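The values are calculated or read from the model by the stated rules, or taken from the named source; none is laboratory data. The structure presented is a predicted model; accordingly, all values stated were derived computationally and were not measured. Cβ: placed from backbone, ideal geometry, glycine included. Neighbour counts: every protein chain shown. What goes into the accessible areas is simple: the full protein's heavy atoms, side chains included, and nothing from ligands, DNA or RNA. Shrake-Rupley method; radii C 1.70, N 1.55, O 1.52, S 1.80 Å.
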Amino acid sequence: MGGIEVAAITSYSKEQLIALQKELSAEYEAFKARNLVLDMSRGKPAGSQLDVTNGVLDALESYITEDGLDARNYGVLDGIPEAKKLFSDLLNIPKEKIIIGGNSSLNLMYDTMVRLMLFGTQGNTPWSKLPVVKFLCPSPGYDRHFAICEDLGIEMITIPMKEDGPDMELVEDLVANDASIKGIWCVPLYSNPQGVCYSDDVVARLATMKTAADDFRIFWDNAYGVHHIYGEKKLADIFELTEKAGNANRVYYFFSTSKITFPGAGVSLIASSESNVAEIKKHMGVQTIGHDKLNQLRTVHYFQNAEGVRVHMKKLAEELKPKFDIVLKTLDKELEGTGLATWTKPLGGYFVAIDTYEGCAKETVALAKAAGVTMTGAGATFPYKKDLHDRNIRIAPTYPTAEELQIAMDLFCVCVKLAGVNKLLENK
Ligand SMILES: Cc1ncc(COP(=O)(O)O)c(C=O)c1O
């Protein structure tokens, strides 16, 4: 950075802080007077983004599948061949490893965890019969992953996130020495909420590390695997690496088109070793006769092939890029150099994560809320909603319009600064 050196607010004297607090309070009150009602809490697409995909609504060319089956009727537990081929080509996963699910990958994750609790896997003791089951939770992370563990009584261990994935030294040490640690949550590309992309080294270490538990499992939730915005990050092939290391059963891979077509009305999948797939199908076949094949078919007819999905994702990126630009530019303009916040600069995905000044996240979110802007709850990105430093906040830029987003970000930055200054004054 060239130009004038600005002193960090964290180095201000008490008098300077009091003056700034007055200024910020006036700005804040002016926002409040506007009676805003804006929502930046959930990673939902805006209406305009959904419109890009409207073609899928009448894409169904025929209800007969490639192999002559009537998709209107019962049959086919694990997905029609053309849907398996589409996702196999898109994600570079062999078809034999793929089971196509219903409208939600989170549903598949929950069911997978419940099966492990009730039935165990590959002849190991069902987890619910063990005195304690623990899971590693790289954090900040996705609140709904943590909710699954909490719901099923699985103890969560917070693992700090680094720039290229979870703190692997800590992960390796923990899993090597504690057989009650049964797994880890991973969002390996453009993670929710930081947009972290796992490096090749991290993926290789996860695939090859020694685990005290034979039935240690990686929940590989690649929800944002094709959601590039600024360029394209590549992810190492976890299946290839686990197979080579003799850990073929270690990974459950999840994916869905929720953030490609319509959330709640897309197509999901779980992929795993052929042996795990057989195990899953045994139980899934009791749970359902089959998932929605018409939805699978119209998704295939709409995209035609993997390249069709990639082209579509470029259109969505055009829709999302201006919004990410607004968030990142506003953070730069308002908070850079203040010493009151740091944030990630994701290259894709759905979120930006910010760390406020220590102990200020809750107050920041409360201030924004009182002025009409709803953010994801402070703490939500950590197991048990406990952010020990009270500083992480997830920003979800997709839902508001660009104009609304700009207003919300301007207000949000005032709140970050006001909460920070209040805290600094408390400590003076
Ligand atoms: C990391 C991650 N996984 C899964 C989901 C939900 O996926 P689905 O709609 O397929 O259940 C989300 C939605 O925000 C997510 O961020």
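Do you know which residues across region 40-86 are part of a loop (DSSP other than H, G, I, E, B) and within 27 Å of residue 194 (Cα to Cα)?
Residues satisfying the conditions are 41, 42, 43, 44, 45, 46, 52, 53.
How do the helices (runs of 4 or more DSSP H) wholly within region 264-382 filter down when requiring 1 or more residues that are open to solvent by 10 Å² or more (accessible area, probe 1.4 Å) and closer than 30 Å to residue 419 by Cα: which remain?
Passing ranges, in order: 306-335, 361-370.
Does residue 24 count as open to solvent by 60 Å² or more (accessible area, probe 1.4 Å) and either at pLDDT 95 or above or part of a loop (DSSP other than H, G, I, E, B) (or both)?
Criteria not met by residue 24.
Of the residues 212, 207, only one is open to solvent by 10 Å² or more (accessible area, probe 1.4 Å) and either assigned by TED's automatic domain parsing to the domain that holds residue 256 or away from the ligand (no atom under 16 Å from the Cβ) (or both); which?
212
Right, residue 96: assigned by TED's automatic domain parsing to the domain that holds residue 218, assigned to a loop (DSSP other than H, G, I, E, B), open to solvent by 20 Å² or more (accessible area, probe 1.4 Å) and more than 16 Å from the ligand (Cβ to nearest atom) or not?
Answer is no for this residue.
Name every residue in region 114-142 that is of a type in the set (Lys, Arg) and either within 16 Å of the ligand (Cβ to nearest atom) or buried (at least 18 other Cβ atoms within 10 Å of the Cβ) (or both), in order of residue number.
Within region 114-142, 115, 134 meet the criteria.
When region 90-101 is examined, which residues are found to be closer than 8 Å to residue 269 by Cα and of a type outside the set (Val, Ile, Thr)?
101
Yes/no per residue for (1) at pLDDT 95 or above; (2) within 16 Å of the ligand (Cβ to nearest atom); (3) charged (D, E, K, R):
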position	(1), (2), (3)
230	yes, no, no
237	yes, no, yes
257	yes, yes, no
261	yes, yes, no
275	yes, no, no
292	yes, yes, yes
306	yes, no, no
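Go through 8, 19 for me and flag whichever is without any contact (Cβ under 8 Å) to a residue 24 or more places away in the chain and over 25 Å from residue 265 (Cβ atoms).
19
Looking only at region 143-157, which residues are within 14 Å of the ligand (Cβ to nearest atom), open to solvent by 40 Å² or more (accessible area, probe 1.4 Å) and either touching a residue at least 24 places away in the same chain (Cβ under 8 Å) or touching a strand residue (DSSP E or B) at 6+ places or on another chain (Cβ under 9 Å) (or both)?
Matches in region 143-157: 144 only.
How many residues are assigned to a helix (DSSP H, G or I) and closer than 25 Å to residue 194 by Cα when one looks only at region 227-240?
Number satisfying all stated conditions: 2.
Can you find a residue that is free of Cβ contacts under 8 Å to residues at least 60 places away in the same chain and of a type outside the set (D, E, K, R) anywhere in region 219-229?
Yes, region 219-229 has at least one match.
If we scan region 210-224, do we find a residue that is aliphatic (A, V, I, L, M), in a helix (DSSP H, G or I) and over 17 Å from the mean Cα position of the chain (by Cα)?
Scanning region 210-224, I find no residue that is aliphatic (A, V, I, L, M), in a helix (DSSP H, G or I) and over 17 Å from the mean Cα position of the chain (by Cα), so the answer is no.
Considering (1) open to solvent by 30 Å² or more (accessible area, probe 1.4 Å); (2) away from the ligand (no atom under 15 Å from the Cβ); (3) touching a helix residue (DSSP H, G or I) at 6+ places or on another chain (Cβ under 9 Å), say which one residue 111 fails and leave the rest.
(2)
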